[in-house]
Structure formats: C-alpha cells, structure tokens
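The next block holds one structure in the form of structure tokens; read it before the comments.
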Amino acid sequence: MSGGWAPGAAAAAPAEPAAPAEPLTGILLVGGASSRFGSPKALAQLGRDGEGPGETLAERGRRTLAAACDEVLVVGKAADGLPLPFALVEDAAPLRAPIVGVIAGLRAARHDLCVVLPVDCPLVDAALLLRLAAACAGSAGARPPSGPLPGAYRRSAVLPALERALAAGELSLWRALEGLPVAVVAVDEEQLADADVPADLEWLRAARPRGTAEPPRTAEPPRR
C-alpha cells in the first residue's frame, strides 16, 4: 500500500491479501478473566472448521496466527495453570486487562510488526490478520472500526505509549492508543464475533471462517 495513513482512515479490502514485506509476530491473548464464561475460554472446545476432531479456542487461535505469522506467542498467566499444548509467555502482572497482554507480547516479540488476536475470536482468519498487517504501512498500527482488537501494531511505535499509559494507571487499550496514527480497516464485523458466554459457542461452531461455504444458521451471531 502506498502513502501514509491518517487516524480514522478506512482501507478498502484487496481481492487477495498480500503478506507484508517484513517478518510478522502473532500474539494470542489467553489471560482474560472469563468471568461471564464461567470457565477458561482458552480451553473451550470448538470444532475444527466444522469437521473432524475438536480443538480448543486457544488451539484455533494459534493455528490461525501460525498461518499468517513467522513467530507465534501465546500470552497469559502461568498461575492460571491452563493445560495448553504450547509454551506460554507470562504477562507478569496482577491485573487482568488486554493492555497487559499486549505489552507482554510486544516486549517478547522478535519482529517489529505484530498482530494481536484475543483467544475468543475464532472466526478471524489469516487473511484478515494479513490485511491488518499490510495496513500498517506508514502507520503505528491498524484495527477494525469496532475497536483495537484484533489489531496489527508496530512494537517500536506502540510499546512505549502503552507502557506509559499503564504506568499512569490507564487500563483501556483504546485510550492508551489515542494520539497514535492507527489506520481503521473495514472488515466483515461477523468475523469479529466473540464468545462471551458458553451459549455463544453454538453459533460459532456452526459458522466457518471467511472464504468457506456458509452453513445454515439457526441462531444470531454473538453480540459484541
């Protein structure tokens, strides 16, 4: 993409998302409280694209990131004791807020350009993550209109701002990013559906990632 991005500018979706011309780190956030869900969301079972053996939300998220990224980090709290089949990057904070996980992931990332995915958004696919990453050309980051996650962010531009915000007691990732040139990328909002309560999994299991056949639906998508 050519030219710089102004804050709030919307990007048109390319027909075929191209990988950014630089290495990409993927950060999966699994350290949420899951208070409304009632059990750790990361361990909730979800079918493998509607077929075959089931996989957890954490496994789905990591698989999606691995399809788009050169490095994948899973960030959370070791004290939660989640039996995950991959290594965990400790966020080393008593707080539970997305900004804590994003900071820990950016600190641990090998690459400057990073995409961040919450564990409870299983319909996000690699193509969407690559679109967000590509939109970072000339920007500190890129996000959907609905909020900062999932999003793509440059460690060099974003990490100092987040660290300053957290040190000042700011826990809102959205407010912490204010003032930075973050592109807004038009997306299919249905892809951002998340699992707030166990009942949301019924619709998410029936839905398929973008680009696959759409199954019949008997329920409305979860509300964000």
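Structure above, values below:
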{"quantity": "Ordering of 70-82, 112-124, 128-140, 186-198 by burial proxy (mean other Cβ atoms within 10 Å per residue, highest first)", "calculated": "112-124, 128-140, 70-82, 186-198"}
{"quantity": "Using a Förster distance of 45 Å, the FRET efficiency for residue 190-residue 92 (Cβ separation, nearest 0.05)", "calculated": "0.80"}
{"quantity": "Residue 178-residue 78 FRET efficiency (beta carbon distance; Förster radius 25 Å; 0.05 resolution)", "calculated": "0.20"}
{"quantity": "Cut-off 15 Å between beta-carbons: net charge of the residues surrounding residue 89, Lys and Arg +1, Asp and Glu -1", "calculated": "+1"}
{"quantity": "Extended-chain gain in nm, criterion 0.36 nm per residue less alpha-carbon gap, residue 205 and residue 70", "calculated": "45.8 nm"}
{"quantity": "Amide H contacts of residue 27 (H built 1.01 Å from N, under 5 Å, at least 5 apart or other chain)", "calculated": "73, 115, 116, 117"}
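Every number here is computed from the coordinates shown, using simple stated rules; none is lab data. Quantities reported herein were computed from a predicted structural model and do not represent experimental measurements. Cβ coordinates were reconstructed from backbone atoms using ideal geometry, including for glycine residues, and neighbour counts include every protein chain displayed.
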